[in-house]
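The values are calculated or read from the model by the stated rules, or taken from the named source; none is laboratory data. The model shown is predicted, which means the values in this text are computed figures rather than measured ones. Glycine gets a Cβ as well: all are built from the backbone with ideal geometry, and neighbour counts include every protein chain shown.
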Amino acid sequence: MSDKPVLTTTAGAPISDNQNSLSAGPRGPLLMEDYQLFEKLAHQNRERIPERVVHAKGWGAHGTLTITNDITRYSKAKLFAEVGKKTEMLARFSTVAGEQGAADAERDVRGFALKFYTEEGNWDLVGNNTPVFFIRDGYKFPDFIHTQKRHPKTNLRSATAMWDFWSLSPESLHQVTILMSDRGLPPSPRFMNGYGSHTYSMINADNERFWVKFHFKTMQGHKFLTNEEAAQVVGSSRESYQEDLFGAIEAGDYPKWRMCIQVMPEADAEKTPYNPFDLTKVWPHGDYPLIEVGIMELNRNPENYFAEIEQAAFSPSNKVPGIGFSPDKMLQARVFSYADAHRYRLGTHYEALPVNRPKCPVHHYHKDGSMNFFGQQTGNVDAYYEPNSMNGAAEDPAYAEPPLAISGDAERYNHRDGNDDYVQVRALFNLFDEGQKSRLFSNTAAAMQGVPQAIIDRQLGHLDKVDKAYGDGVRAALAAAAGARDAAE
Ligand code: NDP
Ligand code: HEM
């Protein structure tokens, strides 16, 4: 007898031989009754689950949020209840376009998804490392994502599709400029900010509503890779983010972010020169300064990547009392999309998986369903409908949000009407020093390689509207790249 645990079937019976299948004679064919052989092969065939339709490549870790500043005047959410309070959380970072095996150091927006296990349910903030997005209406999300994924015939990524869509969708310019700037290629998630990006709401104990934006400022400082450096990194390791994040946490060098909010009184939303619910716009810090909330620290690597990161299900629909939605059309579309994706990708009871399971009591009347291992969670075995007389779980009106005044005729409003897609991009462009501008020009030109001239010209027209120096800078970089290609031929 060895001191190793005995290998068993999934039904718990000890296995005598895990090396040799059961055959008729030493050279003979296999016997149908070798159930364990078929069990192993069948399980292997089921090891893969669908990868996320976007943000398939990711890296994650567990951590804590510690509150450093009292924001209870804005939100009654339990995780903000007092200075010093710690809440357990999970983070998953990702690239958007690449598949599960994509190289880490590729130019792309990075996902910044957070799950906070609060006493009143899980709060998920599913953001990016950018404060804005490419589109402002979720109706366009599948079209946009098709341009980021593979061409149906060539099965290659298509720069033509990307610039065609972007140049026909000027609201994308803010995000495209960030993507082509230094922030578009951090060397690891440790060196980038996170943003909730959308406008959310906070509700305080007096049931007053505030509009809010969330920011997570890296305390490691910003770093970036040039395209050339990234090519070298990818040439030596396709897993540079996993190595860096996992390695830093394993070595006790825990990455931290300063969580901040911008707060807008509810009535201000009528007065701002921009639509505060437009995801292609930021709220200027001068108008709405950052207010510190706490420190987020990642300090525990997953024991099992698949169970804790691949099976993690982050959804903007997961909100808790004291934090709410806003009229942002993109956010509204996302409230539907994620839970639907999770039911498909992970199964009906994905919220009951250990990594998604709230660390507070859960009561609902959903019944049965595949892989239901928890029976029912209604609070009483006889209560399987509601209302009931068995003291099963019941609603509590104390959690109602204050009413939100909404008006207007039902219509498909043109989201481009009255929207200036250039003014905030100009503010960003003016922040860049000469080196940052020069890399913005050359990164843009590099990404345009092989794109038909008419599409490039349409995009240059948008850049000129931001600043003639932006358009001219990219023109010069395109000419330099073409000259270098000619010389090489
Ligand atoms: P501020 O000067 O107060 O803020 C500028 C912001 O730009 C900082 O948050 C800074 O982030 C960030 N930043 C610096 N370099 C880059 C880059 N390459 N890509 C993206 N962000 C960068 O000005 P305003 O608040 O008036 O905003 C001016 C412009 O700055 C905006 O139009 C927007 O493009 C950009 N910005 C604004 C943010 C906001 O919430 N107001 C957030 C992020 C960007 P950090 O402090 O972490 O270095
Ligand atoms: C992942 C839809 C916009 C950030 C996903 C997934 C879907 C999706 C279906 C896969 C979910 C899963 O399988 O777990 C959409 C739709 C959008 C939209 C329909 C627009 C209407 C955005 C925006 C952001 C964002 C604006 C950021 C501000 C993310 C992140 C992930 C993700 C970070 C990965 C989450 C994880 O790590 O598991 N999105 N998305 N998405 N999305 Fe979006």
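Cβ-Cβ distance below 9 Å, separation of 6 or more or different chains: which pairs start in segment 75-99 with a residue that is at negative phi and without any contact (Cβ under 8 Å) to a residue 40 or more places away in the chain and end on one that is polar (S, T, N, Q) and assigned to a loop (DSSP other than H, G, I, E, B)?
If the second residue must be polar (S, T, N, Q) and assigned to a loop (DSSP other than H, G, I, E, B), the pairs left are Ala81/Thr72; Glu82/Thr72; Val83/Thr68; Val83/Asn69.
Take the residues in segment 174-227 that are part of a loop (DSSP other than H, G, I, E, B) and within 13 Å of ligand 2 (Cβ to nearest atom), then tell me which one is nearest to Arg426 (Cα to Cα).
Ser197
Could we say that Tyr288 is more than 25 Å from Arg52 (Cβ to Cβ), surrounded by fewer than 19 Cβ atoms within 10 Å (Cβ to Cβ) and touching a residue at least 60 places away in the same chain (Cβ under 8 Å) here? Reasoning before the result, please.
Working: more than 25 Å from Arg52 (Cβ to Cβ): yes; surrounded by fewer than 19 Cβ atoms within 10 Å (Cβ to Cβ): no; touching a residue at least 60 places away in the same chain (Cβ under 8 Å): yes.
It is false that Tyr288 is more than 25 Å from Arg52 (Cβ to Cβ), surrounded by fewer than 19 Cβ atoms within 10 Å (Cβ to Cβ) and touching a residue at least 60 places away in the same chain (Cβ under 8 Å).
Considering every residue within segment 81-97, establish whether at least one is buried (at least 23 other Cβ atoms within 10 Å of the Cβ) and more than 16 Å from ligand 2 (Cβ to nearest atom).
Within segment 81-97 (the criterion being buried (at least 23 other Cβ atoms within 10 Å of the Cβ) and more than 16 Å from ligand 2 (Cβ to nearest atom)), the answer is no, since none of the residues qualifies.
Name the pairs whose Cβ atoms lie under 7 Å apart, with the first residue in segment 383-408 and not assigned by the TED database to the domain that holds Pro327, the second surrounded by 10 or more Cβ atoms within 10 Å (Cβ to Cβ) and among the polar types (S, T, N, Q), and 6 or more positions between them or separate chains?
Tyr384/Gln376; Tyr384/Thr378; Met390/Asn380; Asn391/Asn380; Gly392/Thr378; Gly392/Asn380; Ala393/Thr378; Pro402/Asn207
Every residue in segment 245-258 that is outside any helix (DSSP H, G or I), more than 16 Å from ligand 2 (Cβ to nearest atom) and surrounded by 15 or more Cβ atoms within 10 Å (Cβ to Cβ), please.
Selection gives Tyr254, Pro255, Lys256, Arg258.
Kindly indicate whether any position in segment 152-159 is assigned by the TED database to the domain that holds Glu229, touching a residue at least 40 places away in the same chain (Cβ under 8 Å), within 16 Å of ligand 1 (Cβ to nearest atom) and surrounded by fewer than 22 Cβ atoms within 10 Å (Cβ to Cβ). Break it down into steps so the answer makes sense when it comes.
First pass over segment 152-159, keeping only residues assigned by the TED database to the domain that holds Glu229: 152-159.
Restricting the remaining residues to those that are touching a residue at least 40 places away in the same chain (Cβ under 8 Å) gives 157, 159.
Imposing the further condition that a residue be within 16 Å of ligand 1 (Cβ to nearest atom) reduces the set to none.
For segment 152-159, residues assigned by the TED database to the domain that holds Glu229, touching a residue at least 40 places away in the same chain (Cβ under 8 Å), within 16 Å of ligand 1 (Cβ to nearest atom) and surrounded by fewer than 22 Cβ atoms within 10 Å (Cβ to Cβ): absent.
Cβ-Cβ under 9 Å, sequence separation 6+ or interchain: first residue in segment 167-183 and in the same structural domain as Val474 (by the TED database), partner within 13 Å of ligand 1 (Cβ to nearest atom). Which pairs?
none
Looking at (1) farther than 16 Å from Cys260 by Cα; (2) surrounded by 22 or more Cβ atoms within 10 Å (Cβ to Cβ); (3) not aromatic (Phe, Trp, Tyr), find the lone condition where Ser75 falls short.
Here Ser75 clears every test but (1).
Under the condition of being crowded, with 16+ Cβ neighbours inside 10 Å and of a type in the set (Ser, Thr, Tyr), which residue from segment 115-151 is farthest from ligand 1 (Cβ to nearest atom)?
Tyr117
Search segment 260-283 for residues being touching a residue at least 40 places away in the same chain (Cβ under 8 Å) and away from ligand 2 (no atom under 16 Å from the Cβ), and hand back the single one that is nearest to Thr68 (Cα to Cα). Walk me through it before giving the result.
To start, the set of residues in segment 260-283 that are touching a residue at least 40 places away in the same chain (Cβ under 8 Å) comprises 260-266, 268-269, 274-283.
Restricting the remaining residues to those that are away from ligand 2 (no atom under 16 Å from the Cβ) gives 260, 263-266, 268-269, 274.
Details: Cys260: 10, Val263: 17, Met264: 21, Pro265: 22, Glu266: 25, Asp268: 27, Ala269: 28, Tyr274: 31 Å.
Out of the qualifying residues, it is Cys260.
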